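Notes follow once the structure below has been shown.
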Amino acid sequence: MRVKIGSIEVLPVLDGFGVEVAADILSRPGVDDPWACHTERREADGSLRLPLGGFCVRTGDRTVLVDAGVGAFDNGKYSGGSLLASLAGHGIGPADVTDVVFTHLHFDHIGWATQDGVPVFPSATYRAHRADWEHFVAGENAHPTMVEKLTPLGSRLELFDADFTVAPGLDARHAPGHTPGSTVYVVSSGTRRAVLLGDVVHSVVQFSERDWEVIWDVDPAAASKVRNRIADEAADTDDLLVAAHFPGMRFGRIIAADGERRFVAV
């Protein structure tokens, strides 16, 4: 579903799906089965079916891809390969993309950065937070998958370590916790605003449950703090929130009542 934020167009671009056992990746400290109160948010077998992909932001003469899916990849749990076709469905070819920005550098967000050692988007400048680059690519605990996928970007890659404006109406905001360089991207035009969350949130349940933890958060306390801050700021406003792992990659609003929050898709 394409969304207009004032004059800016935001297009979900699906790459594939991942499947995880809900209770294995999202839990509540001290509670054996927290999902018992949220059975409608998981599959009947207890799994979560997680969309994989990103969002394309068209603003002015810029076409910005926020995250690049998992790529042509299938390990039995995560399977991708459709992102370029999804872009083509919107009339966008690889050469039309002017910028690629990453919310963070986990494998399911960088898959189409390069293929066979060549940048997939030949006209684009790629941008990532320096803290993630040092954690996943350049540091002593660098991950081979990230190194192989990202180092071929060479001079096309620009690292940032401060909030900045990517393009008119699209701003990068550091939101560490899930990873050291985790970044959200704020789309704004006129009185409209939307936040592309990356993996600050994996399931909409986390808007209702303030203390749930995700196994992949590098710093769970920091991740919880930033997640709740963003949700509280958006509550009962017209701000839209979305993450690639949300069902249907749907945007929604936060509704607050009696001290509780819930996510309502639009």
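The values are calculated or read from the model by the stated rules, or taken from the named source; none is laboratory data. Quick caveat: nothing in here was measured; it's all calculated off a predicted structure. Backbone-built Cβ (ideal geometry, glycine too); neighbour counts: all protein chains shown. These accessible areas exclude ligands, DNA and RNA; they are computed on the full protein's heavy atoms, side chains included. Shrake-Rupley method; radii C 1.70, N 1.55, O 1.52, S 1.80 Å.
Most simply put, segment 57-139 has about 50% antiparallel DSSP beta bridges, counting only bridges with both residues inside it. Taking Asp96, Asp24, Asp15 in turn, the Gaussian network model of the chain (Cα-Cα springs below 10 Å) assigns the largest fluctuation to Asp24.
The smallest convex shape that holds all Cα atoms of segment 68-110, its convex hull, gives 73 Å³ per residue. For segment 30-37, the Karplus equation 6.51 cos²θ - 1.76 cosθ + 1.60, evaluated at θ = phi - 60°, returns couplings of x, 10, 5, 9, x, 6, 4, 8 Hz by residue, with Gly and Pro reported as x. Treating r as the C-beta distance of Arg229 and Lys77 and R0 as 41 Å, the FRET efficiency rounds to 0.85. A straight Cα-to-Cα reach below 17 Å connects Lys225 with the aspartates and glutamates Asp199, Glu209, Asp211, Glu213, Asp217, Glu233, Glu260, residues fewer than 8 places away in its own chain not being considered.
With kT/(6 pi eta Rh) evaluated at 25 °C and eta = 0.890 mPa s, and Rh the Kirkwood radius from Cα pairs, segment 130-185 diffuses with a coefficient of 200 µm²/s according to Stokes-Einstein. Loop-resident chymotrypsin sites (Phe, Trp or Tyr not before Pro) (DSSP state other than H, G, I, E or B) in segment 178-266 with no more than 15 further Cβ atoms inside 10 Å of their Cβ: Trp216. For segment 183-189, backbone phi angles converted through the Karplus equation (6.51, -1.76, 1.60; θ = phi - 60°) give residue-by-residue couplings of 9, 9, 10, 9, 9, 9, 7 Hz, Gly and Pro being listed as x.
Counting only protein heavy atoms and a 1.4 Å probe, segment 3-265 has 42 square angstrom of accessible area per residue.
With distances taken between every two different alpha-carbon atoms, segment 3-265 has a Kirkwood hydrodynamic radius of 18.5 Å.
With the whole protein complex present, Val3 retains an accessible surface near 10 Å², based on a 1.4 Å probe. The portion of the accessible surface of the chain made up by carbon and sulfur, rounded to a whole percent, is 49 (1.4 Å probe; DNA, RNA and ligands excluded). Across segment 12-135, Cα pairs under 8 Å and at least six residues apart give a relative contact order of 25 percent. Contact order normalised by length for the chain, with contacts defined as Cα pairs under 8 Å and 6 or more residues apart; what percent is it? Result for the chain is 17 percent. With the gyration tensor restricted to C-alpha atoms of segment 1-95, the semi-axes of the equivalent ellipsoid amount to 32, 17, 10 Å, longest first. Leu196 contributes an accessible area of around 0 Å² to the protein surface, as traced by a 1.4 Å probe with all chains present.
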